[in-house]
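Below is one structure, written out as structure tokens; comments come after it.
The values are calculated or read from the model by the stated rules, or taken from the named source; none is laboratory data. Everything quoted here is computed from the prediction, not taken from an experiment. No Cβ is skipped: glycine too gets one built from the backbone with ideal geometry, and neighbour counts run over all protein chains shown.
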Amino acid sequence: MATGKTPSSNGLSRRRLLRQAVASGAGLGVFSLGGQRFGLIPAAFADDKPPIGTWPAGSQGDTVYIGASTPRTGPYAVQGEDELKGWQLAVEHINNGDPLLKKIAPKVTKGILGKKLSLLVGDSAAKPNDAVQEEQTFINQNKIVLMTGSTSSAVAVALNKFAQREKVLYVTGISGSNDTTGKDCVRYGFRQNFYGETAANAIGPVLLKAFGKNRKSAFMTPDYTYGHTVTKSMNDYLTKNGGWTMVTNQVSPLGTQDFSQYLTNIANSGAEILLNVNWGRDAVLSIQQAKQFGILPKMKLVIPYQIPFIAKEVGPELTEGVYAATDFWWTLEDKYPLAKMFVEAFNKKYGYRPEWGANNSYMSFAIWARMVSEAGTFYPPDVIKTYEKGETFPSTVGDVHFRPEDHQLVRPVIIVRGKSPKQMKNKEDYWEVTEVVPGESVMQKPDAFGCSLGDYT
């Protein structure tokens, strides 16, 4: 009867010797065992794991690839370019074993698991179909081991579904929709930034303290998943806890140039406070035009989900005294050592202090590098399970961890208030950090928004 043992003197199992032979091989070849000749199989198969997604093909060479689909044109282009800079810096730090990166991912030396990391970049123009097509090309041509990019939550939701279908890991870029780790969550998708519900629960108490109860509000909402979920979360909080009334909600298509009709309705609504949920260039234009209509400063402006570069683009005169919830602001360098290291590294490379989009993208790669290096493999289910351990690790906003139930990072939300031109200590000193709200206190239960992650394989 067969025992599974080879006729070796030390009694090692055939499987163990196979693994040893594979580990010492440099590709495909032939080895002899017990008088028999065996063809070497790729090392990726050493643990008898079947191929999945781009694994093992994508991790067999000297270089592994990440595919980024970010808006480089269109209404979110400015924010997309900022995200890209964060990813580029993270790739550089992973490849050279930068001290900041090693604080987050201690097992990373130079590269990941002995392999160089290379970033491929496409322009999604914030269009879901374009993003999916680009990532499909990266999969076909480069066997990418990771996807990233969004800046639009519509893109994030589309790439979530695509990642689950293709069995390739996806870490979002900027995505503020509740749905990304809610009803549209997937096993293969992860998000590290804050989102609508956390923004509402963090900034809501600040607004009630600043403006009081029973106020009349007007909302400006972009017509896709980000806009609708942020507006709902904000209105639900203010209505339930402060007795506020939404007197109008002006919903506009992404890429709107002329907000006249929406602003006319707001001007005639009797609203006291304007909550502008628009993003990117849409936010810039709508705020500038609200000033032209005389709505600002007559109404108080709130930006519940802060837009990178908004203060620079509309001017501090319009953001003075404006409350906003955000992911990161560079003056956090005074509070968190890793934030200081990041701000200094980014400023040295690009010549300006980072906005939160760049910080978000840097951290998403740094965290991924940590998980892969901890797992000791690019095999997607093993990397996913490492995320799902929920272990605490350091970040640029303090210690954080992932929730295994919905793949959302538990992290603080930063509340900022716009400075006047006279208060600014330098040309980038647009915001004062007023509060750092712990993540656990502002997150809904993991299943509250309908998350069902799906399968590993």
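Counting only residues that are aromatic (Phe, Trp, Tyr) and out of contact with any Leu (no Cβ under 8 Å at 6 or more places or on another chain), which one in the stretch 212-257 is modelled with the highest pLDDT?
Here the residue is Tyr237.
Gly390: touching a strand residue (DSSP E or B) at 6+ places or on another chain (Cβ under 7 Å), at pLDDT 95 or above and crowded, with 19+ Cβ neighbours inside 10 Å, yes or no?
On the way: touching a strand residue (DSSP E or B) at 6+ places or on another chain (Cβ under 7 Å): yes; at pLDDT 95 or above: yes; crowded, with 19+ Cβ neighbours inside 10 Å: no.
The answer is no for Gly390.
Do you know which of the residues in the stretch 149-171 that are of a type in the set (Gly, Ala, Ser) and farther than 12 Å from Phe190 by Cα is modelled with the highest pLDDT?
Ala158
Could you figure out which of (1) farther than 26 Å from Thr392 by Cα; (2) touching a residue at least 60 places away in the same chain (Cβ under 8 Å); (3) within 17 Å of the chain's Cα centre (by Cα) isn't true of Ile104?
(1)
If only one of Asn241, Asn278 is over 24 Å from Ser153 (Cα atoms) and of a type in the set (S, T, N, Q), which one is it?
Asn241 is the lone residue from the list that is over 24 Å from Ser153 (Cα atoms) and of a type in the set (S, T, N, Q).
Could you count how many residues in the stretch 59-98 are assigned to a helix (DSSP H, G or I) and under 23 Å from Val372 (Cα atoms)?
Residues in the stretch 59-98 being assigned to a helix (DSSP H, G or I) and under 23 Å from Val372 (Cα atoms): 15 in total.
Being small (Gly, Ala, Ser) and either over 14 Å from Ala199 (Cα atoms) or part of a strand (DSSP E or B) (or both) is the filter here; which residues of the stretch 212-240 pass it?
Hits for the stretch 212-240 are Gly212, Ser217, Ala218.
Mind listing whichever residues of the stretch 201-222 are closer than 12 Å to Tyr323 by Cα and in contact (Cβ under 8 Å) with a residue 60 or more places away in the chain?
Ala202, Ile203, Val206, Leu207, Ala210, Phe211
Is it the case that the stretch 253-262 has a residue that's of a type in the set (A, V, I, L, M, F, W, C) and surrounded by fewer than 18 Cβ atoms within 10 Å (Cβ to Cβ)?
No; the residues of the stretch 253-262 include none that is of a type in the set (A, V, I, L, M, F, W, C) and surrounded by fewer than 18 Cβ atoms within 10 Å (Cβ to Cβ).
Using beta carbons and a limit of 9 Å, which pairs, at least six apart or on different chains, have the first residue in the stretch 318-329 and at positive phi and the second one surrounded by fewer than 24 Cβ atoms within 10 Å (Cβ to Cβ) and hydroxyl-bearing (Ser, Thr, Tyr)?
Filtered contacts from the stretch 318-329: Gly321/Ser420.
In the stretch 357-367, is there at least one residue being surrounded by fewer than 17 Cβ atoms within 10 Å (Cβ to Cβ) and out of contact with any strand residue (DSSP E or B) (no Cβ under 7 Å at 6 or more places or on another chain)?
First pass over the stretch 357-367, keeping only residues surrounded by fewer than 17 Cβ atoms within 10 Å (Cβ to Cβ): none.
Scanning the stretch 357-367, I find no residue that is surrounded by fewer than 17 Cβ atoms within 10 Å (Cβ to Cβ) and out of contact with any strand residue (DSSP E or B) (no Cβ under 7 Å at 6 or more places or on another chain), so the answer is no.
Those residues that are of a type in the set (D, E, K, R), under 18 Å from the mean Cα position of the chain (by Cα) and not in a helix (DSSP H, G or I), I need them from the stretch 368-399; list them, please.
Within the stretch 368-399, Glu388, Asp399 qualify.
What about Thr109, is it among the hydroxyl-bearing types (Ser, Thr, Tyr), under 20 Å from Glu374 (Cβ atoms) and not in a helix (DSSP H, G or I)? Don't jump to the end; show me each part of the working.
Values: among the hydroxyl-bearing types (Ser, Thr, Tyr): yes; under 20 Å from Glu374 (Cβ atoms): yes; not in a helix (DSSP H, G or I): yes.
Spelling it out, Thr109 is indeed among the hydroxyl-bearing types (Ser, Thr, Tyr), under 20 Å from Glu374 (Cβ atoms) and not in a helix (DSSP H, G or I).
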